[in-house]
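**Q** Have a look at the structure that comes next, please.
Just so it is clear, none of the values below were taken in a lab; they were calculated from the coordinates. Note that the structure is predicted; figures quoted are calculated from it, not measured. Glycine also receives a Cβ, built like all others from the backbone with ideal geometry; neighbour counts cover every protein chain displayed.
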Amino acid sequence: MKIATRIGAVASAAALTLALTACSDSGTTATPSASDAAVPLSGELNGAGASSQEKASEAWRAEFQNAHPAVTLNYDPVGSGGGRTQFLDGAVSYAGSDSLMSADEYATAVTRCDGTDGAIHLPVYISPIAILFNLEGISSLNMSPDVIAQVFDGQITKWDDAAIVAENPGVDLPNLAITVVHRSDESGTTKNFTDYLAKASEAWPYDASGEWANNVGEGGQGTSGVIDLVTGTNGTIGYADASRAGALGAVSIKVGDDWVPFSPAGAAAAVSASPLAEGANGANDLAYKLDRTTTADGAYPLVLVSYVIMCQQYDDAAERALVTSYLKYVASDEGQNVASAAAGSSPIGPLGTRIEGILDEIAAG
């Protein structure tokens, strides 16, 4: 049976984005607990992908395995591109990805998913991307999109450049070279960061891409590699999922006339102002086209929505039970609150109910 054509309630993009504005009100959604499975679960479930989900996945895994001790969960934070490749190759049951599948990947997924309706995106993790720096004695800076773009393109090379000074009156900026740090692997975080630069600034000359576009700076493998490089050297600047900000300095970005620091609430506001993507794979494919130029109150448009990419049908009943039971927990209030506590992400709120309904359809496939 074709999943995407089953009769059921279809949420419009407006309804979905409106639901996200209530993400702090976790009491309004159904809460399928990690211990709520109708039948005992057992076996091994493997996923791979976005390193942004790593901290949340560790928390989800611990809670779910505690409730289901006969289940083993594995998640390899190899990066969004690597996760999609492993999923499409059939090596894992689902992928974590901070960026959407390409048209070619959608087509490949039809074969990978047993020749059915292919794969869909379910948003399970919303988080700001933080621009992080290491400057002795300085914990916060303001930077407009154009200044950020010029720094990461090597056009601004000193911390006391006039453009940075002008946006940070009263801050004693050193006459020190800027060392840019970026991801060396294909990365959904990079795709989201460069998408922001391409759309919010007039100074970024490249298209959005999961692979770093220029030869500026140093590359780090995965989120951990970027954080290690920025932490290890004075004068560095990089970008990473905000869950890894730690004690590093952080940039407030210019949104309209305001300087906005990263926050889970700001990330949720930016997603709420964004529509669903055109050309998605049916009504159950909840892929967002993020509005990087929104000036909505409190919005922080340098945000990533990290998805689970999964088949719309699993012919193996045991695999299907593991995938859907685990992801119901991930999308539940309990799972989202666990992720928020572990990683500082923004709970998806009422959107979790929509995801639960989609997973029920897959479970009955």
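**Q** What do you get for GluC sites (Glu not before Pro) in region 216-323 restricted to DSSP loop and a cutoff of at most 15 other Cβ within 10 Å of the site's Cβ? Don't skip to the end; give the middle numbers.
**A** Values: sites: Glu218, Glu278, Glu319; in loops: Glu278.
Passing both the DSSP loop test and the Cβ count: Glu278.
**Q** Now a separate question. What net charge is computed for the residues neighbouring Ala103, neighbours being all others with C-beta under 14 Å from the C-beta of Ala103, Lys and Arg scored +1, Asp and Glu -1? Walk me through the numbers before you get to the answer.
**A** On the way: positive: Arg84; negative: Asp104, Glu105, Glu278, Asp285.
Result for the local shell: -3.
**Q** Based solely on C-alpha atoms, express the radius of gyration and the Dmax of region 129-265 in angstrom.
**A** In order Rg, Dmax, the Cα atoms of region 129-265 give 13.5, 38 Å.
**Q** Just rank Lys254, Lys158, fewest to most, by other beta-carbon atoms within 10 angstrom.
**A** Fewest to most other Cβ atoms nearby, the residues stand as Lys158, Lys254.
**Q** Quick check for me: using +1 on Lys/Arg Cβ and -1 on Asp/Glu Cβ, what's the dipole size of region 129-265 about its Cα centre, in debye to the nearest 20?
**A** Taking the Cα centre of region 129-265 as origin, the dipole is about 180 debye.
**Q** Find out how many positive minus negative residues lie around Ser224, taking Lys and Arg as positive, Asp and Glu as negative, among other residues whose Cβ is under 15 Å from that of Ser224. Let's see the in-between values first.
**A** Values: positive: Lys55, Arg183, Arg244; negative: Glu54, Glu58, Asp76, Asp185, Glu218, Asp228, Asp241.
Local net charge: -4.
**Q** Using +1 at the Cβ of each Lys and Arg and -1 at the Cβ of each Asp and Glu in the chain, identify which of Asn175, Ala59, Ala240 lies farthest towards the dipole's positive end.
**A** Highest projection toward the positive end goes to Ala59.
**Q** Over the alpha-carbon set of the chain, work out the extent along each principal axis and list the three values in angstrom, largest first.
**A** Cα spread of the chain along its principal axes, largest to smallest: 63, 37, 35 Å.
**Q** For Ala50, what is the net charge nearby, where nearby means another residue's Cβ is under 9 Å from its Cβ and Lys, Arg count +1, Asp, Glu -1?
**A** After counting each charged neighbour, the total is -3.
**Q** Kindly flag which residue pairs out of Lys199/Lys328; Lys191/Lys254; Lys158/Lys289; Lys158/Lys254 have an alpha-carbon separation exceeding 29 Å in this structure.
**A** Violating the 29 Å Cα-Cα cut-off are Lys199/Lys328; Lys158/Lys289.
**Q** Moving on to the next point. With an 8 Å cut-off on Cα pairs and a minimum separation of 6 or more residues, tell me the relative contact order of the chain in percent.
**A** 29 percent.
**Q** Starting from the Kirkwood radius over alpha-carbon pairs of region 317-365, derive D by Stokes-Einstein at 37 °C in a medium of 0.692 mPa s and give it in µm² s⁻¹.
**A** 295
**Q** So, in Å, what gap is there between the alpha-carbon centers of region 321-360 and region 230-245?
**A** 28
**Q** In addition: Kindly write out, for region 343-349 in residue order, the coupling ³J(HN,Hα) from the Karplus curve 6.51 cos²θ - 1.76 cosθ + 1.60 (θ = phi - 60°), rounded to whole Hz, with x marking Gly and Pro.
**A** These are the phi-based 3J(HN,Hα) values: 10, x, 7, 9, x, 7, x Hz.
**Q** Under a 10 Å cutoff between Cα atoms, tell me which one of Asp297, Asp104, Asp160 has the largest fluctuation in the Gaussian network model of the chain.
**A** Asp104
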